[in-house]
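Colleague: I am attaching a structure below and will ask some questions about it afterwards.
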Amino acid sequence: MKFHGYFRSSSSYRLRIAFNLKGLDYQFVPVHLVRDGGQQKTEAYKALNPQGLVPTLEVGETVLTQSPAILEWLDETYPEPALLPSDPTEKAHVRAFAQVIGCEIHPLQNLRVLSYLRENYDQDQSGIEAWCQRWIGDGLAACEALLERHNNGAAYCFGETPGLADIYLIPQVFSASRFKVDLSGLPNVTRIAAHCENLSAFADAHPTKQPDFE
Ligand SMILES: N[C@@H](CCC(=O)N[C@@H](CS)C(=O)NCC(=O)O)C(=O)O
């Protein structure tokens, strides 16, 4: 499997955690999102991923895009350990949690959105941070409320084994720290993040551990 990603990209970080949890090897192809105006925007890369976004996963002749789809493909293709519970209602709760992050938070802090705010709305770093703090803070507060409802003191978001919700949460907490989001009012989020970071599948997936880290 050829994994096209970038060390700081949280959607790439999700896949790295999943590969590690499932013990899968992959060939890493770095795509530098800033250098040369953004290597994700080249015609060669867009031939693989028409959106010009990372990650992309090549499996033989098959090209997979969008981390939510890739994560579900990985889980169905390599079922052990499972990332989703089998019960439909439990599964819906986990997916809802993941989608708070994947659909509602992450798109608002994406590089292209922040570049647009800088270039067209004249925002400096403090304006960018205020924007991210607003939207990441709001979304993670909703995650905290969902954990309050479902976690019951478990080590991971939805129980005693790591799964899809943790795969979304940990990269999002990393981005929150980049943008100086105050997480002090989110005890479940911070406790679970600290717990996950002790597990090698998560620790080894951290942006600072990647070959393209700078
Ligand atoms: N929903 C997509 C989002 C992908 C995405 O936004 N990737 C970001 C990095 S985390 C990216 O490639 N940004 C490049 C840009 O904004 O130009 C997924 O989960 O795969």
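Colleague: Any residue that is outside the structural domain of Tyr26 (by TED's automatic domain parsing) and aliphatic (A, V, I, L, M) - is there at least one of those in region 116-128?
Modeller: yes
Colleague: Right, here's the next one. Quickly run through region 34-79 and pick out the residues that are in contact with a Lys or Arg (Cβ under 6 Å, 6 or more places away or on another chain) and either under 21 Å from Phe19 (Cβ atoms) or part of a helix (DSSP H, G or I) (or both). Spell out the reasoning first.
Modeller: If we filter region 34-79 for residues that are in contact with a Lys or Arg (Cβ under 6 Å, 6 or more places away or on another chain), which is where we start, we get 52, 58, 67, 78.
Those that are in contact with a Lys or Arg (Cβ under 6 Å, 6 or more places away or on another chain) and either under 21 Å from Phe19 (Cβ atoms) or part of a helix (DSSP H, G or I) (or both): Glu58, Ser67, Tyr78.
Colleague: What number goes with the only condition from (1) assigned to a helix (DSSP H, G or I); (2) touching a residue at least 24 places away in the same chain (Cβ under 8 Å); (3) of a type in the set (Gly, Ala, Ser) that Ala194 does not pass?
Modeller: (2)
Colleague: How many of the residues in region 1-33 are more than 8 Å from the ligand (Cβ to nearest atom) and without any contact (Cβ under 8 Å) to a residue 40 or more places away in the chain?
Modeller: 5
Colleague: Counting only residues that are outside any helix (DSSP H, G or I) and away from the ligand (no atom under 16 Å from the Cβ), which one in region 80-120 is surrounded by the most Cβ atoms within 10 Å (Cβ to Cβ)?
Modeller: Leu84
Colleague: Shifting gears a bit: Among the residues of region 68-88, are any out of contact with any Leu (no Cβ under 9 Å at 6 or more places or on another chain), within 17 Å of Ser12 (Cα to Cα) and assigned by TED's automatic domain parsing to the domain that holds Glu160?
Modeller: No, region 68-88 contains no residue that is out of contact with any Leu (no Cβ under 9 Å at 6 or more places or on another chain), within 17 Å of Ser12 (Cα to Cα) and assigned by TED's automatic domain parsing to the domain that holds Glu160.
Colleague: Also: Does region 97-110 contain any residue that is touching a Lys or Arg at 6+ places or on another chain (Cβ under 7 Å), without any contact (Cβ under 8 Å) to a residue 60 or more places away in the chain and of a type in the set (A, V, I, L, M, F, W, C)?
Modeller: no
Colleague: Is there a residue in region 126-146 that is over 16 Å from the mean Cα position of the chain (by Cα), farther than 19 Å from Val113 by Cβ and outside any helix (DSSP H, G or I)?
Modeller: Checked against the condition, which is being over 16 Å from the mean Cα position of the chain (by Cα), farther than 19 Å from Val113 by Cβ and outside any helix (DSSP H, G or I), region 126-146 yields no hits at all.
Colleague: State yes or no: is Asp182 over 14 Å from the mean Cα position of the chain (by Cα), closer than 21 Å to Val31 by Cβ, at pLDDT 95 or above and surrounded by fewer than 22 Cβ atoms within 10 Å (Cβ to Cβ)?
Modeller: Against the criterion (over 14 Å from the mean Cα position of the chain (by Cα), closer than 21 Å to Val31 by Cβ, at pLDDT 95 or above and surrounded by fewer than 22 Cβ atoms within 10 Å (Cβ to Cβ)), Asp182 does not qualify.
Colleague: Sticking with this one: If I filter region 20-32 for residues that are more than 24 Å from Leu199 (Cβ to Cβ), out of contact with any Phe, Trp or Tyr (no Cβ under 8 Å at 6 or more places or on another chain) and not assigned by TED's automatic domain parsing to the domain that holds Gly163, do I get at least one hit?
Modeller: No, region 20-32 has no match at all.
The values are calculated or read from the model by the stated rules, or taken from the named source; none is laboratory data. Keep in mind that what you see is a predicted model, and the values were worked out from it rather than measured. Ideal geometry is used to build each Cβ from the backbone, glycine not excepted, and the neighbour counts take in all protein chains shown.
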